[in-house]
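Reviewing the structure listed below.
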Amino acid sequence: MNLKKLRALALQTTILAAILTFALAQSVLSKAERISESMEPALVHTDQSSAAQAKLDALLAKTGRRPNIVWFVIDDMGYGDPGSFGGGAAVGAATPNMDRLAQDGLKLTSTYSQATCTPTRSAILTGRLPVRTGLTRPILAGDTIAKNPWADEISLPKLLGEVGYKTVLSGKWHVGEAEGMRPHDVGFHEFYGYYGAQKEITQYIYKERYPDLVLNPERLAMLEKTGSSVSLVHGFKGGETSEVQKVKSKEDMAEGDRLLKEFSVKKIKELAAGDAPFFLEHSFMKVHADNFASKEFEGKSASKYPYKDAVVEVDAYIGEIVRALDEAGELENTFIFVTSDNGPQLDSWPDGGYTPFRGAKGSAWEGGVRVPGIAYWKGVITPGRESDDLFDLMDLFNTSLHLAGIGSKVPTDRYIDGIDQTSFLLTDNGQSNREKVYIWNEQNLMSMRMYEYKIHLKVVQEQAQWLNIDMTTVSDVGLAPWLFNLYIDPKEQYPVGHRMNAWLASMAAEMKGHAATFKKYPPKNIGLGQ
Ligand code: CA
């Protein structure tokens, strides 16, 4: 492929151009198999699939019930925050509970999220890229959405509910708060939490940071007119939705995660006493700015900064919730996954986390989308495992369906970007079934990770250092795609570019093949587009 052609390729990466130009393609570099037009090609590992299934069958025979599924989704925590990922005490906030789960389970060092909150949160519940569901960026106060993206989506809790699971979201939602878009409208049986991120709430009350809003009654009234909820809400599918507590002060916000933890602990006891398996998504409000540590945790981190105290607090609550599972006798029948919904937000630093990678929340660099991933299952996942194989958080969709015994219920009338990773997670020395991760920024296909390589056809450029959200541009690359070898250059600083031409054309072809999936399955526009 000559440089002129590469340049043309780089300019043709918007979906529209892709639709017009390319057909489904696969390069010589790929070993993944496409078994259906509507499913992401996957690597096939027959032996490990059988081994994982044997484990699940044996457990089902022993317990007589499908496993519970518990996710811990931390908001905006950096890859480098947990001790097991290089942070912890070394960066002033020890995380013994997360570290223990990683040591006693499977540590996944190449786990990928979307670059911001709403996109990840919707993707993990649908197995679909945000550009397919229309939820391409965070929904913010004052946003008007042209159509309910959930109206024609099939959520994980909906599918699990159909086979008898009790499904609960405890914590942050951030995927719409109008009727029809709330957690208990889209599949969860019960929701106890907040509709928006902490900052969406604290901008009403944090006068030191937002004086132009908080100290100006006229502006505050305007803000209130957007109708965004600033309350802890309790809602039931097909039932009542009530306001538990309006957040009126920083002190109220500080205690938010404590209340969520208390709810989850109580709910686990209740669910364990029943006959049904359960799916609990415990979704922390912390450590998204603005962080105010709960009274019990103020100054508890070595660093004493509010962000670090919040990391310590979140870690302690993970420990308490896992203990509740243990005390309820459910630990050996519960698949646990711990992660963050995107990279750390550096725009709000020092109220922001740590990543060893380039970029941060909002960007398509590793710092934006590479997050900690911990899979833990007592007695099922062998302790001490670690893998750098690829895991996309969307894979939790397919994997959870498999665990629930309904792997065959993955929708076939729409494109599913998630891959069933059950065999990778559960088998000793299991290998990932995923070969590639595609990284999008709103409507732009930016980059792709494949093996240890990452290719960028568009790049996010900070116009001011650290401002990965508030002052960036998205640019087409020049003559050659920016190609990095993450094993020798994890910070994506020195492209090997066209000098690594062995893979350049193949990787570009993989991206073309991905873009071509939108021909039969067009992206959905709900009005959040640029
Ligand atoms: Ca987030």
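Since every read-out is calculated from the coordinates, none of them should be taken as a lab result. This structure is a prediction, so every number in the text was calculated from the model and none was measured. Ideal geometry is used to build each Cβ from the backbone, glycine not excepted, and the neighbour counts take in all protein chains shown.
Points to keep in mind about this one:
- Across the range 396-413, coupling constants 3J(HN,Hα) worked out from phi with the 6.51/-1.76/1.60 Karplus curve, θ = phi - 60°, read 4, 5, 5, 5, 5, 4, 4, 4, 7, x, 10, x, 6, 8, 4, x, 10, 8 Hz, and Gly and Pro carry x.
- Applying a DSSP loop filter and a limit of 16 other Cβ atoms within 10 Å to the GluC sites (Glu not before Pro) in the range 422-490 leaves Glu442, Glu452.
- Shape category assigned to the range 124-226 from the gyration tensor of Cα positions, a/c cut at 1.5: prolate
- Stretched out straight at 0.36 nm per residue, the stretch from Lys269 to Gln465 would grow longer than its current Cα-Cα span by 65.8 nm.
- Overall shape: oblate for the range 54-128, with the ratio a/c of the largest to smallest alpha carbon gyration tensor axis at 1.5 or above and b/c at least equal to a/b.
- DSSP-defined beta bridges in the range 65-435 - what % are antiparallel, rounded to 5: 40 percent
- Backbone amide hydrogens, once placed in the peptide plane, bring Leu129 within less than 5 Å of Asp417, excluding anything fewer than 5 places away on its chain.
- Prolate/oblate/rounded label for the range 65-435 (Cα gyration tensor, a/c 1.5): rounded
- Across the options Gly359, Thr241, His514, the greatest Cα extent toward the positive end of the charge dipole of the chain (unit charges at beta carbon of Lys, Arg, Asp, Glu) belongs to His514.
- Relative contact order of the chain, pairs being alpha-carbon contacts under 8 Å that are 6 or more residues apart, as %: 27 percent
- Long-range HN-HN contacts of Ser447 with modeled amide H, under 5 Å: Ile439, Leu457
- Charge context of Leu260, other residues only, Cβ under 14 angstrom, K/R +1, D/E -1: -3
- Chymotrypsin sites (Phe, Trp or Tyr not before Pro) restricted to the range 277-338 and DSSP loop, no more than 10 other C-beta within 10 Å: none
- Environment charge of Ser423, counting only residues whose C-beta is closer than 12 Å and scoring Lys/Arg +1, Asp/Glu -1: -3
- Candidates Tyr307, Tyr79, Pro490 compared by Cα position along the dipole of the chain: farthest toward the positive end lies Pro490, with charges placed on Cβ.
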